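Here's the structure we're looking at; comments come further down.
The values are calculated or read from the model by the stated rules, or taken from the named source; none is laboratory data. Note that the coordinates shown come from a computational prediction; the quantities given were computed from them, not determined experimentally. Counting neighbours? That spans all protein chains shown, and the Cβs are built from the backbone with ideal geometry, glycine included.
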């Protein structure tokens with residue numbers, strides 16, 4: 001059995017359907033119309049099944065899942081807004097007090 005698959009006999013609508021099955025199943029790769037084009041294993045599987053007579057996208061997607069399982073998805077992340085520095089250190093800010101202090105007045109600077 002050859003490892004290359006001739007995709008030149010596939011119609012354009014069939015190639016779009018097969019690419020759609022790959023994309024909806026979470027696989028990368030693009031099926032193109034060439035004899036020497038490199039195909040990933042998932043692409044080869046659904047093309048072989050298509051040539052054997054399996055034409056339904058749901059059946060092709062099911063074959064991908066049976067043979068390779070579901071592709072890994074990015075883990076869900078929880079978005080947390082940043083807390084103020086005082087909240088993370090357990091310090092309660094004093095009301096009415098600025099963090100950097102008040103600038104010195106003109107009268108205070110003349111005494112030095």
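Side notes on the structure shown:
- Test: residue in the stretch 4-16 that is surrounded by 11 or more Cβ atoms within 10 Å (Cβ to Cβ), within 22 Å of the chain's Cα centre (by Cα), outside any loop (DSSP other than H, G, I, E, B) and modelled with pLDDT of 90 or more: yes
- The stretch 60-82, residues that are at pLDDT 90 or above and more than 21 Å from residue 12 (Cβ to Cβ): 62, 63, 64, 65, 66, 67
- Unique residue being part of a loop (DSSP other than H, G, I, E, B), at pLDDT 90 or above and touching a helix residue (DSSP H, G or I) at 6+ places or on another chain (Cβ under 9 Å) when the list is 54, 47, 31: 54
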